[in-house]
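To start, the structure itself, in C-alpha cells.
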Amino acid sequence: MDPFALIIFGITGNLSAIKLLPALYDLEEHGLLPEEVTIIGTARDAISREDFAKLFDNALHQENRHHQHPINPEVAKKLLSRISYMHGDLTDPKFYSKLKTELDQKQNSCPSCRNRIFYLATYPNLYQTIFSNLRATKLNNQDEGWSRLMIEKPIGHDLASAKELDKLLNQYFNEDQIYRLDHYLGKETLQNILTFRFGNCIFEPLINKEFVDHIQVTAAEDFGIGSRGGYYDETGHLKDVGQNHLLQMLAFSTMENPNEFSNVAITQKRIDILNALKADPKKLVLGQYDGYRSELHVKSNSQTNTFFAFRTEISNDRFRGVPIYVRGGKKMKQTATEISIVFKNRPNRLHLNLPSGEEPNVLIYRIQPNEAIVLKVLSKMPGLNTALEPSYMQFCYKHLSSDIFDPYLRLFYDAVSGDQTFFNDAEEIESEWSFIDRLSTGNHTAMPYKPGSWGPKEADKLIKADGREWLEPSMAFCNIR
Ligand code: BG6
C-alpha cells in the first residue's frame with residue numbers, strides 16, 4: 001500500500017465502532033498498513049486521550065457478529081498509537097484549518113505521504129459543509145498526492161435525492177476519487193460468484209431461461225434493529241438493504257460475462273441487470289415485526305417496514321420470463337443470506353414417480369453463514385431398492401472463517417490501491433434507486449409478522465400465486481466451523 005492519511009469524520013459513531021475500527025485492526029494485524037500511515041478520527045465531543053483509548057478498546061471487544069477473533073493487545077496498542085483524535089464542529093471552517101495544519105505537520109517529514117482518504121461516517125446533512133470546507137482548505141486537491149472520498153450507503157433516499165447527492169459530489173470530486181461503498185460488494189462469497197460463473201465452463205451454459213425455473217434471493221436476520229432505531233425508522237428495510245445489498249446479490253448472480261476483470265466492464269454488467277429489472281408495485285409486500293414500535297427511538301405509530309418481499313423479472317434475452325423472488329427481513333426465523341437458482345424439471349427425468357422424484361435441482365450461493373456454493377441433487381439411497389435422497393454437492397471454504405477478509409478491510413485496501421471495481425458509481429446507484437422508486441410507487445401497508453417467523457403471510461401468497469414456495473435455507477452443508 002502507498003503511504004496515506006485516513007481522516008474519519010465521525011469516529012465515535014456506530015459505524016466506526018462496528019466496522020471501521022475492527023477493519024483497521026485487521027489491516028494492522030495482517031501487516032497491511034504502511035508504517036507511514038496517519039489516521040485522524042474526528043467527532044464533536046472533546047474527549048481525553050484516555051477516554052478515546054477506552055472507546056477504541058470497547059469497539060474492538062464488543063460483541064460483533066463479523067469480528068469474532070481474539071484481539072492481540074500488541075496489535076491493538078500499535079494501531080491506537082497511530083490514531084489521533086481531533087474534536088470539533090464540522091460546520092466550523094476553523095476546524096478544517098486545524099485539520100490541515102495537523103496533516104501538514106504529520107506529513108512534512110514524509111512527502112510521499114500526501115495521499116488522503118476522507119471517510120464519511122457521519123450524517124448526510126453534513127456532507128455539503130464538509131465538501132466545501134475541504135475545498136476551501138485545498139484538502140481535496142491532488143497536487144502532491146491523491147485525494148479520495150469514501151461514502152457509505154444509502155446514497156440518498158430515492159432517485160431524486162441520489163441524483164442531487166451525486167451532483168454535489170461531482171462539484172468537489174471527480175468520479176475516480178469517489179468510493180461509494182456497499183459492503184456486500186466486498187464480501188468474499190459474493191465476489192466468488194464471478195469466479196465460479198465465469199472462471200469455469202460448466203454451469204454458465206445452464207444459467208438461462210431454458211434451464212432455470214426461477215431465482216430466489218434471501219437475506220434473513222434473526223435479530224432486530226438494536227439501538228439503530230433513529231436511523232432505521234426513517235429508512236425502512238427495503239431502503240436499508242433492498243436498494244443495495246440484495247440488488248447487488250441479484251446482479252452478481254445474473255449479470256453477463258464481463259469478458260475482462262476490470263472496473264468498467266464489471267460495473268457495466270451489473271448496471272445492465274439493474275436497468276433491465278421489471279418493477280411491479282403490485283408484487284411488493286412489506287412487513288413489520290410485532291414489537292417493533294416499542295424499540296428504542298422508534299415512533300409509537302411507525303409504519304416503517306422491517307421486511308419486504310417482491311417479485312421481479314429481467315427483461316433480457318437470457319432471463320426473460322424467469323421469475324425472481326427477493327426477500328429480506330429483521331427478526332426472522334434464522335439468519336441466512338443466499339441466492340438460489342432453481343432449475344426446471346426435464347420431462348424425461350427418471351424417478352419422477354418416486355418420493356422426492358420431482359424435487360428440483362438448486363444451485364445455492366450461500367453468502368453467510370456456512371459460506372458455500374452448493375448444488376442440491378438427488379442421489380440413490382444405499383440399499384436394495386431405488387429410493388431417493390436429496391444431497392448437496394458442495395464447495396466449502398477450506399480456510400478458517402478468520403482467513404476470510406472482512407468486506408471493510410478489503411474495500412479499504414481497494415480504495416487505497418485505487419481500485420473501484422467493487423464500489424458503486426453514480427449511474428449504478430441511480431439505477432438501483434430508479435428500480436426501488438418504481439417498485440414502491442403507491443401505498444403499501446407494512447403487514448404485521450411474528451418475530452421468529454418467515455415474515456407476513458402475504459409474502460407466502462406472493463410466491464404461491466405462481467405455484468411456487470419460498471425455500472427454507474438449509475444448514476445441512478459446509479457445517480465445518
Ligand atoms: C447494513 C444494514 O448495511 O447491512 C443492516 O444497515 C444490516 O441493517 C447489515 O443488518 C447486513 O450486513 P451483514 O454483512 O451483516 O449481512
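Quickly run through segment 149-172 and pick out the residues that are more than 16 Å from the ligand (Cβ to nearest atom), without any contact (Cβ under 8 Å) to a residue 40 or more places away in the chain and among the hydrophobic types (A, V, I, L, M, F, W, C).
Those that are more than 16 Å from the ligand (Cβ to nearest atom), without any contact (Cβ under 8 Å) to a residue 40 or more places away in the chain and among the hydrophobic types (A, V, I, L, M, F, W, C): 149, 160.
Select from segment 211-238 the residues that are more than 10 Å from the ligand (Cβ to nearest atom), closer than 24 Å to residue 463 by Cβ and of a type outside the set (A, V, I, L, M) and write down the one among them that is surrounded by the most Cβ atoms within 10 Å (Cβ to Cβ).
For segment 211-238, the residue satisfying everything is 218.
Of all strands (runs of 3 or more DSSP E) completely enclosed by segment 296-361, which ones contain at least 1 residues that are within 15 Å of residue 238 (Cα to Cα), among the aromatic types (Phe, Trp, Tyr) and touching a strand residue (DSSP E or B) at 6+ places or on another chain (Cβ under 6 Å)?
307-312, 324-329
Looking at 465, 459, which one is in contact with a strand residue (DSSP E or B) (Cβ under 9 Å, 6 or more places away or on another chain) and either within 23 Å of residue 222 (Cβ to Cβ) or in contact (Cβ under 8 Å) with a residue 12 or more places away in the chain (or both)?
459
Going by what's in this entry, would residue 218 be described as in contact with an Asp or Glu (Cβ under 6 Å, 6 or more places away or on another chain), under 26 Å from residue 155 (Cα atoms), modelled with pLDDT of 95 or more and hydroxyl-bearing (Ser, Thr, Tyr)?
When the stated conditions are applied, residue 218 passes them.
Looking only at segment 266-286, decide whether some residue is within 16 Å of the ligand (Cβ to nearest atom), farther than 20 Å from residue 438 by Cβ and crowded, with 23+ Cβ neighbours inside 10 Å.
Scanning segment 266-286, I find no residue that is within 16 Å of the ligand (Cβ to nearest atom), farther than 20 Å from residue 438 by Cβ and crowded, with 23+ Cβ neighbours inside 10 Å, so the answer is no.
How about segment 191-242: which of its residues are among the aromatic types (Phe, Trp, Tyr) and either more than 22 Å from residue 311 (Cα to Cα) or within 19 Å of the chain's Cα centre (by Cα) (or both)?
Those that are among the aromatic types (Phe, Trp, Tyr) and either more than 22 Å from residue 311 (Cα to Cα) or within 19 Å of the chain's Cα centre (by Cα) (or both): 196, 198, 203, 223, 231, 232.
Specify the residue that is surrounded by the fewest Cβ atoms within 10 Å (Cβ to Cβ); the eligible residues are those in segment 327-341 that are within 15 Å of the ligand (Cβ to nearest atom) and β-branched (Val, Ile, Thr).
Residue satisfying both the conditions and the ranking: 335.
Residue 245 fails exactly one of the following numbered conditions: (1) closer than 20 Å to residue 455 by Cα; (2) more than 20 Å from the chain's Cα centre (by Cα); (3) buried (at least 16 other Cβ atoms within 10 Å of the Cβ). What is the number of that condition?
Among (1) closer than 20 Å to residue 455 by Cα; (2) more than 20 Å from the chain's Cα centre (by Cα); (3) buried (at least 16 other Cβ atoms within 10 Å of the Cβ), the lone unmet condition for residue 245 is (2).
The values are calculated or read from the model by the stated rules, or taken from the named source; none is laboratory data. None of these values were measured; they are calculated from a predicted model. Glycine gets a Cβ as well: all are built from the backbone with ideal geometry, and neighbour counts include every protein chain shown.
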